[in-house]
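These notes are about the structure you will find just below.
The values are calculated or read from the model by the stated rules, or taken from the named source; none is laboratory data. None of the values given here were measured: they were computed from a predicted structure. Methodologically, a virtual Cβ is constructed for each residue, glycine included, from the backbone with ideal geometry; neighbour enumeration extends over all protein chains shown.
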Ligand code: PEP
Ligand code: MN
């Protein structure tokens, strides 16, 4: 249950009320928000002393609460990614977020950034802390990678999206990035989720490849209930019995997220497919569905990439994809940004 209270609710009464309910308190400029388990469907005697301060209450069928579309009365949340870039809401826009899987060295990221800036890309994404499936694979440049990304922001004005692998370096990622990406493996990391709930940066949560939609939304609830309203969800493929492709892109899940949550939805066809040949078609399918953003891997020399070589597009491939999605976007009344 979510309870809105007036901003002038006396602190002592507010605290006591919250404790009686076992609620999480979010302080917003225009109101106090208390969030309890969704098992609570009504206030009984607990509101005694604060009745006059309660503005509105909302009951839910499960713990999809702050992220629920019913909470915002059907309105979609608009999330600021930087001072000049936002995603979602009722803007009929689809944001292209792209870059190499990982920052490998200064020359590689500069080459990618220069090309993508020329193509009008506004959000650059590359990993500095890579959550690899083997400890012997390239793990990313760490802090040096974050610094190189920050240089690309200075040079080209991108919003920088980069991944946090675990709670040990979450502060550094929050400091350097504009958007903190929580990857498929970190989606359950409570340290990361809780720290991001206190960050004043947007957070992009990728659905775990073995997670249900409800679990993914509840990961978002950890960040939202921490007080950070800027959460974006990303579908990046789930694990199924199929092994011809790397994962299975769950476009049904995307339709569900759009129907039942108020959060912007991004689709990542690169990690879902695992092979570059499928990326353009999946991108066009996602755009046709009216997603808020795309996450595409693009590398100056994909075959030589230190991670995810098979799925990254080269520059010509990216340019062709970008050109081809325009017609699909306009057919569904959207603009690619
Ligand atoms: C990535 O975005 O580079 C990445 C590792 O993604 P995921 O967490 O979806 O595997
Ligand atoms: Mn990758």
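With respect to residue 242, is the statement that it is part of a strand (DSSP E or B), more than 17 Å from residue 88 (Cα to Cα) and either touching a residue at least 60 places away in the same chain (Cβ under 8 Å) or more than 16 Å from the chain's Cα centre (by Cα) (or both) true? No. Going through (1) more than 25 Å from residue 112 (Cα to Cα); (2) crowded, with 22+ Cβ neighbours inside 10 Å one by one, residue 171 falls short only on (2). Kindly evaluate residue 121 against the criterion of being under 20 Å from residue 316 (Cβ atoms) and buried (at least 16 other Cβ atoms within 10 Å of the Cβ). Spelling it out, residue 121 is indeed under 20 Å from residue 316 (Cβ atoms) and buried (at least 16 other Cβ atoms within 10 Å of the Cβ).
Hey, does segment 128-148 have a residue that's in the same structural domain as residue 279 (by TED's automatic domain parsing), in contact with a helix residue (DSSP H, G or I) (Cβ under 7 Å, 6 or more places away or on another chain) and under 25 Å from residue 317 (Cα atoms)? Looking for residues that are in the same structural domain as residue 279 (by TED's automatic domain parsing), in contact with a helix residue (DSSP H, G or I) (Cβ under 7 Å, 6 or more places away or on another chain) and under 25 Å from residue 317 (Cα atoms), one finds at least one in segment 128-148, hence yes. Please verify whether segment 223-241 includes one or more residues that are within 13 Å of ligand 1 (Cβ to nearest atom) and surrounded by fewer than 16 Cβ atoms within 10 Å (Cβ to Cβ). Within segment 223-241, one or more residues are within 13 Å of ligand 1 (Cβ to nearest atom) and surrounded by fewer than 16 Cβ atoms within 10 Å (Cβ to Cβ). Count of segment 290-329 residues, restricted to those that are without any contact (Cβ under 8 Å) to a residue 40 or more places away in the chain and closer than 24 Å to residue 80 by Cα, is 1.
Here is a yes/no grid of residues against (1) at pLDDT 95 or above; (2) closer than 21 Å to residue 331 by Cα; (3) buried (at least 20 other Cβ atoms within 10 Å of the Cβ); (4) within 15 Å of ligand 1 (Cβ to nearest atom):
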residue: 270; (1), (2), (3), (4): yes, no, yes, yes
residue: 279; (1), (2), (3), (4): yes, yes, yes, yes
residue: 284; (1), (2), (3), (4): yes, yes, no, no
residue: 287; (1), (2), (3), (4): yes, yes, yes, no
residue: 290; (1), (2), (3), (4): yes, yes, no, no
residue: 293; (1), (2), (3), (4): yes, yes, yes, yes
residue: 299; (1), (2), (3), (4): yes, no, yes, yes
residue: 303; (1), (2), (3), (4): yes, no, no, no
residue: 309; (1), (2), (3), (4): yes, no, no, yes
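Taking the listed residues 80, 59, the one that is modelled with pLDDT of 95 or more and within 30 Å of residue 124 (Cβ to Cβ) is 80, with no other qualifying. Of all residues in segment 280-307, those that are within 14 Å of ligand 2 (Cβ to nearest atom) and farther than 26 Å from residue 79 by Cα total 5. The single condition from (1) under 21 Å from residue 334 (Cβ atoms); (2) in contact with a strand residue (DSSP E or B) (Cβ under 6 Å, 6 or more places away or on another chain) that residue 92 fails is (2).
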